Amino acid sequence: MRVGIIGGTGRMGQLFAGVFTRAGHRVTVSGRTTRLSNTDLAADSDLIIISVPIRSTPGVIAEIAPVLRAGQVLADLTSLKTGPVQAMLATPADVIGLHPMFGPGVLSLRHQLIVAVPARCSGDTLKSVLSVFEAEGARILLSNPETHDRMMAVVQGLVHFATLSLADAIRRSAVDIGDALSYTSPVYRMEMGLVGRILGQDPALYGAILQDNPQVPPLLEAFSESVRELREIVDSGDQNAFAAFFNRNAVAFADYTPSATRETDELIACMVNRS
């Protein structure tokens, strides 16, 4: 299979280029520094993977659409699926939306999750693409654009919003981060580590995840209401109200708390053993 990766000179593009090369496929890449154009790459590939920022993806799809034909497979790697999939479906190519739930720094695909959105393709075509990832140990979850974006509004949008809010509150407190870290146990250092991990990355990615997914705003409204309610309970000093707030959420998470405790205990043990 001839695989072309637009944005293949970037870190994520290079990661996927390696995956398909190891599977024995011929891989070519295009990017801002290559002589090969996006359209020439698309015209000469069986599978075209678009690995560019979320907000650049529609433009790339429109750029290569005139050279696409039936029988080719077009895929994207963005964190949103409704818009990109709709744009890809306007071309004659088969369409598979892909969302790697990991960054380009992973050492391998082993145990990593890729959400696949087969929008227009045969079962054989889908298998031929996904089997490449499965051969490297990746987990595959099939979804559709609407469900994917609704779940991402929670898993990414709401979580990133809460993390960035935490970062800003700490910044406003004028507490020195180094001093704060000296007071942390492993579990609290993990939480601070997630804040630092996000802030060390590209703000455009997180801006697109939060601002371009129409399913995020209702969740942020719920988050704001939760913060307001909890703040009122804390300010009131009402212990019963706090217990009620805590317990109703414990009930909602009851099926998850045992595995959450087990998994975080394993992470804490790793941190302790490392130090």
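The values are calculated or read from the model by the stated rules, or taken from the named source; none is laboratory data. All values derive from a computational prediction rather than experimental measurement. Here the Cβ positions follow ideal geometry from the backbone for every residue, glycine too, while neighbour counts run over all protein chains shown.
Numbers for the structure displayed
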read-out	value
Failed criterion for R110 (all others in (1) more than 20 Å from A42 (Cβ to Cβ); (2) of a type in the set (D, E, K, R); (3) touching a strand residue (DSSP E or B) at 6+ places or on another chain (Cβ under 9 Å) hold)	(3)
Any pair with Cβ under 9 angstrom, 6 or more apart, that starts in region 122-133 at a residue that is closer than 12 Å to M1 by Cβ and ends at one that is of a type in the set (F, W, Y) and assigned to a helix (DSSP H, G or I)	V132/F20
Counted residues, region 207-250 - those being under 26 Å from the mean Cα position of the chain (by Cα) and aromatic (F, W, Y)	1
Some residue of region 139-157 being at pLDDT 95 or above, of a type in the set (V, I, T) and assigned to a strand (DSSP E or B)	yes
Residue within region 146-155 that is farther than 24 Å from I198 by Cα and within 21 Å of the chain's Cα centre (by Cα) present	yes
